[in-house]
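Take a look at the structure below.
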Amino acid sequence: MKTFGQIPLTLIFITGLFFLTLRPALAAPERKQFCVFDVAGANGFVYQLLRDYQRGAIGAGVSLAMQPYSDEDLAVRDFRQGRCDLVALTDMGVRNFNDFTGSISAIGAVPYYEDLRVLLYGLASPRIARHLSQDGYEVLGVAPMGAAYLFVNDRDINHVAALTDKRITVFEGHHDARHMVEFVGAKPVAATISSFARLFNSGQADISYAPAAAWEVLEMFRGAGDRGGIIRYPVGQVTVQLVAREGEFSPEFVRDSRKLMARLYPDAIRVIRQFEDRIPAERWVDIAPEAMREYQEMLRQVRIDLLSDKGQETPLAAAVYHEDMMTILRKIRCYTNPGAEECSDQNRE
């Protein structure tokens, strides 16, 4: 028998085949359960966007088995009970786990997509990482879902004073939105992610806020009727955020995940703008420059007022705003719009 030193060549060949067979199994990506909230389920924009993230995760060594949820509360429950290793939620849902990234949806705090782009790329920086872990949970990335606009059943609701006495849907736990509604003299109508469109479409609310995709996906043109439309000024930004328990994923994957999510920004904005562009032009309510300044200042005063002791909801609302995030958002707004009143006002966030 031929040998290599004292070892038979046949044995060397068989051993080599064994390790070649074993190698793919050792290199197989770690498999995790990924629960994804999208109001439209597996056919929704968010779920489809995160399939790109899923493909990127494989390259980073993790295989994610995606499960769609059309009920955010159910996704949160299953994540808490350990049925999900990773969960995708709106910023409202993420407020259960991290008030820093949960503050991205602060009322009027991110008025333009350029502001959001600067913020989301910044969140992938290691310098921000300490804020992304809280109370045993960590945020593995953030991507856009679209600006939240006011859907109205009357296009004459095009200035701040016109909001008085109007019925406006407010999500459960969205204490800052409730504070805004009461601040302008409107009437809050309790709603959930699952019910707000129905309340608007059935006439039980005059105004509701949502990304433009809701016009088509949730058929909110029905509630708008012949006289209604969408005010072309964002009252906030809706984002999708990934949350996991600390230690569920390696530090290397956590860093990779945040970068993967940041890279989704261009594709997400492209789809968001497609939804916005499909809305009939006559349905957009363009407000005058003076009215826009009124909206900007009103929303800023709402955020500042949350730091006071006024109103029953104020302590709860103030608790969801992370001071460091609010400062970051103000700096971004003043970077993209240095002439804004807040950039020189002493009474600022």
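The values are calculated or read from the model by the stated rules, or taken from the named source; none is laboratory data. Here the structure is a predicted model, which means the values were calculated and not measured. All Cβ positions, even for glycine, are placed from backbone atoms using ideal geometry, and neighbour counts span all protein chains on display. Areas reflect the complete protein model, heavy atoms only, side chains present, ligands, DNA and RNA absent. Shrake-Rupley method; radii C 1.70, N 1.55, O 1.52, S 1.80 Å.
Look through the range 113-171, keep the residues that are assigned to a helix (DSSP H, G or I) and of a type in the set (Phe, Trp, Tyr), and return whichever of them is modelled with the lowest pLDDT. Even if it seems obvious, please write down each step before you answer.
Restricting attention to the range 113-171, the residues satisfying the condition of being assigned to a helix (DSSP H, G or I) are 113-123, 126-132, 160-163.
Retained after the next criterion (residues that are of a type in the set (Phe, Trp, Tyr)): 113, 121.
Details: 113: 94, 121: 90.
Among residues in the range 113-171 that are assigned to a helix (DSSP H, G or I) and of a type in the set (Phe, Trp, Tyr), the one modelled with the lowest pLDDT is 121.
Among the residues of the range 240-279, those that are more than 19 Å from residue 123 (Cβ to Cβ), part of a helix (DSSP H, G or I) and open to solvent by less than 70 Å² (accessible area, probe 1.4 Å) comprise 271, 275, 276.
In this structure, is residue 223 over 23 Å from the mean Cα position of the chain (by Cα), over 30 Å from residue 51 (Cβ atoms) and crowded, with 16+ Cβ neighbours inside 10 Å? Don't jump to the end; show me each part of the working.
Working: over 23 Å from the mean Cα position of the chain (by Cα): yes; over 30 Å from residue 51 (Cβ atoms): yes; crowded, with 16+ Cβ neighbours inside 10 Å: yes.
So residue 223 passes the test.
Scanning the range 86-93 for residues that are within 17 Å of residue 251 (Cα to Cα) and not in a strand (DSSP E or B) turns up nothing. If you check 191, 197, 214 for being without any contact (Cβ under 8 Å) to a residue 24 or more places away in the chain and open to solvent by less than 20 Å² (accessible area, probe 1.4 Å), only one passes: 191.
Answer with yes or no whether residue 94 is touching a helix residue (DSSP H, G or I) at 6+ places or on another chain (Cβ under 6 Å), within 15 Å of residue 38 (Cα to Cα) and among the aliphatic types (A, V, I, L, M). First the steps, then the outcome.
Working: touching a helix residue (DSSP H, G or I) at 6+ places or on another chain (Cβ under 6 Å): yes; within 15 Å of residue 38 (Cα to Cα): yes; among the aliphatic types (A, V, I, L, M): yes.
Answer is yes for this residue.
Is it the case that some residue within the range 55-65 is touching a strand residue (DSSP E or B) at 6+ places or on another chain (Cβ under 8 Å) and either farther than 18 Å from residue 242 by Cβ or at pLDDT below 90 (or both)? No, because not a single residue in the range 55-65 is touching a strand residue (DSSP E or B) at 6+ places or on another chain (Cβ under 8 Å) and either farther than 18 Å from residue 242 by Cβ or at pLDDT below 90 (or both).
Select, from 235, 271, 243, 189, the only residue that is touching a Leu at 6+ places or on another chain (Cβ under 8 Å) and within 24 Å of residue 296 (Cβ to Cβ). Steps first, please.
Values: 271 fails: within 24 Å of residue 296 (Cβ to Cβ); 243 fails: within 24 Å of residue 296 (Cβ to Cβ); 189 fails: within 24 Å of residue 296 (Cβ to Cβ).
Unique residue meeting the criteria: 235.
When restricted to residues that are in a helix (DSSP H, G or I) and within 17 Å of residue 219 (Cα to Cα), the range 283-307 contains 1. Residues in the range 94-111 that are assigned to a loop (DSSP other than H, G, I, E, B) and under 15 Å from residue 132 (Cα atoms): 95, 96, 97, 98.
Scan the range 189-237 for residues that are within 18 Å of residue 172 (Cβ to Cβ) and part of a loop (DSSP other than H, G, I, E, B) and the total you get is 7.
Here is a yes/no grid of residues against (1) surrounded by 15 or more Cβ atoms within 10 Å (Cβ to Cβ); (2) modelled with pLDDT under 75:
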{"residue": "284", "(1), (2)": "yes, no"}
{"residue": "296", "(1), (2)": "yes, no"}
{"residue": "299", "(1), (2)": "yes, no"}
{"residue": "302", "(1), (2)": "yes, no"}
{"residue": "322", "(1), (2)": "yes, no"}
{"residue": "337", "(1), (2)": "yes, no"}
{"residue": "341", "(1), (2)": "no, no"}
{"residue": "348", "(1), (2)": "yes, yes"}
